[in-house]
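Worksheet for the structure shown next.
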Amino acid sequence: LADTSSSYDGDYAPEQRARVLIETLPYIQRFAGKVVVVKFGGHAMADGDLAARFAQDIVLMHSVGIRPVVVHGGGPQIGALMERLGIESEFRDGLRVTDAETLDVARMVLVGKVNRDIVSDINIHGPLAVGLSGEDAGLITASARNPELGYVGDVEAVNPAIVERLLAENLIPVVSTIGTDPTGQAYNINADTVAAALAGALGAERILYLTDVGGLLADISDAESRISSLHAAALQGLIANGTVSGGMIPKAQACIDAVSAGVASAHMVDGRVPHVVLLELFTDAGIGTMVRPAGLTDGDIESGAEEDQP
C-alpha cells in the first residue's frame with residue numbers, strides 16, 4: 001500500500017488533524033457550560049471572509065457546549081453612512097459627538113445593519129443567533145457621559161435576564177450597544193465597555209476582545225514585544241505610565257473592569273488572524289494578551305483555582 005501519511009487532500013494530514021483535536025479536548029471540557037463573551041470589531045468586522053470565519057468560530061464554540069455571547073460596535077460603519085448622508089462627524093478626545101441626528105444614524109447602523117449581518121452570518125449554520133439591542137428588555141441602563149458629547153453614554157446598570165433566557169434556550173445572543181436611561185432616551189455606548197459590564201453581570205468565564213493588533217506591546221515600535229500575560233494592576237500601571245495609549249486604552253481599561261467584576265480572564269487578540277477566537281481558547285500557546293485578576297497566576301487561570309492569599 002502507498003504511504004499516505006504525509007499527503008492529504010486538504011490542509012492537514014489525518015494524524016495532524018487528530019493531534020489538533022486532542023489538544024483542544026481539555027479546553028472543550030473546561031469551558032463546556034461556561035459563558036464566553038466575545039467583543040467583535042475592528043478589521044474582522046469589515047472583511048467578509050474574516051466575518052464568515054468568526055461566525056464559524058462562534059458556532060463551533062456553541063456546538064461543543066460553550067455558551068457564547070457576541071457584543072459588537074460599529075464606529076467605522078456609522079462614519080461611512082454619515083459621510084454618505086452628508087452629515088459631518090465631530091470628535092472630542094476620540095469620541096464622536098452624538099446629536100439627535102447622529103444617534104438616529106448610530107441606531108440604524110448598529111441595530112439595523114451590523115447586528116443583522118452578524119446574526120445572518122451565524123444563522124447560515126443553523127437557527128442559533130438572536131439579535132438584541134441594549135434597549136431590549138432593559139438590558140443596558142445608560143447615562144450621559146458628558147453633555148458636550150451629546151448622546152454618548154456610560155453603562156449605569158446591566159439587567160442580563162433577557163440574555164440569560166436566550167442562553168437557557170441554547171441560543172446565541174448578539175448584542176448591539178445602544179442603551180437607554182429611565183426616561184427612554186437612547187445613548188450610544190462604547191462596545192468595549194458594554195462587553196465588560198455584560199461579562200461581569202453574566203459571570204462569564206472569559207471575555208475576548210478582537211482588535212487590529214496582536215495584543216499589548218511593551219514597545220509600540222517592536223511587534224515582537226507582545227506581553228502574553230499580566231495582572232490587572234500591572235496593566236493599570238502601563239496605562240498610567242503611557243505604555244498603553246491611544247485606542248488601546250479603552251480596551252485595556254475594559255479588560256481591567258471585566259476581571260474586577262469577576263470574569264476569570266480577559267484576552268486581547270488580533271481579529272485579523274483567521275479563527276483567532278479558537279486559537280486563543282483551544283490551543284496551548286494562545287496568541288494574544290491575557291489579563292488576569294490580581295492574586296491569580298497563569299496556572300491558576302488554567303485550573304480555575306485561586307492563589308493562597310497572604
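Things worth noting here:
- Strands (runs of 3 or more DSSP E) (entirely within the range 141-218) containing at least 1 residues that are buried (at least 21 other Cβ atoms within 10 Å of the Cβ), out of contact with any Phe, Trp or Tyr (no Cβ under 9 Å at 6 or more places or on another chain) and in contact (Cβ under 8 Å) with a residue 24 or more places away in the chain: 152-158, 172-176, 186-189, 206-211
- Residue match in the range 119-134 (condition: open to solvent by 10 Å² or more (accessible area, probe 1.4 Å), in a helix (DSSP H, G or I) and touching a residue at least 60 places away in the same chain (Cβ under 8 Å)): yes
- Enumerated helices (runs of 4 or more DSSP H) restricted to the range 20-90, each holding at least 1 residues that are among the β-branched types (Val, Ile, Thr): 48-63, 75-84
- Applying the criterion of being of a type in the set (A, V, I, L, M) and closer than 18 Å to residue 151 by Cα to the residues of the range 82-97, the residue that is modelled with the lowest pLDDT is 95.
- Residue within the range 218-231 that is modelled with pLDDT of 80 or more and either touching a helix residue (DSSP H, G or I) at 6+ places or on another chain (Cβ under 6 Å) or under 23 Å from residue 51 (Cα atoms) (or both) present: yes
- Criterion violated by residue 297 - all others in (1) surrounded by fewer than 16 Cβ atoms within 10 Å (Cβ to Cβ); (2) more than 17 Å from residue 215 (Cβ to Cβ); (3) modelled with pLDDT of 90 or more satisfied: (3)
- Candidates in the range 91-118 are the residues that are basic (Lys, Arg) and over 14 Å from residue 76 (Cα atoms); of these, the one that is most open to solvent (accessible area, probe 1.4 Å) is 116.
- Note on the range 224-291: enclosed helices (runs of 4 or more DSSP H) holding 1 or more residues that are in contact with a His (Cβ under 6 Å, 6 or more places away or on another chain) are 276-282.
- Qualifying residues in the range 127-156 (those that are among the small types (Gly, Ala, Ser) and in contact with a Ser or Thr (Cβ under 9 Å, 6 or more places away or on another chain)) - the one farthest from residue 81 (Cα to Cα): 138
The values are calculated or read from the model by the stated rules, or taken from the named source; none is laboratory data. Source: prediction; values computed, not measured. Backbone-built Cβ (ideal geometry, glycine too); neighbour counts: all protein chains shown. Surface areas here come from the heavy atoms of the whole protein model, side chains and all, with no ligands, DNA or RNA. Shrake-Rupley method; radii C 1.70, N 1.55, O 1.52, S 1.80 Å.
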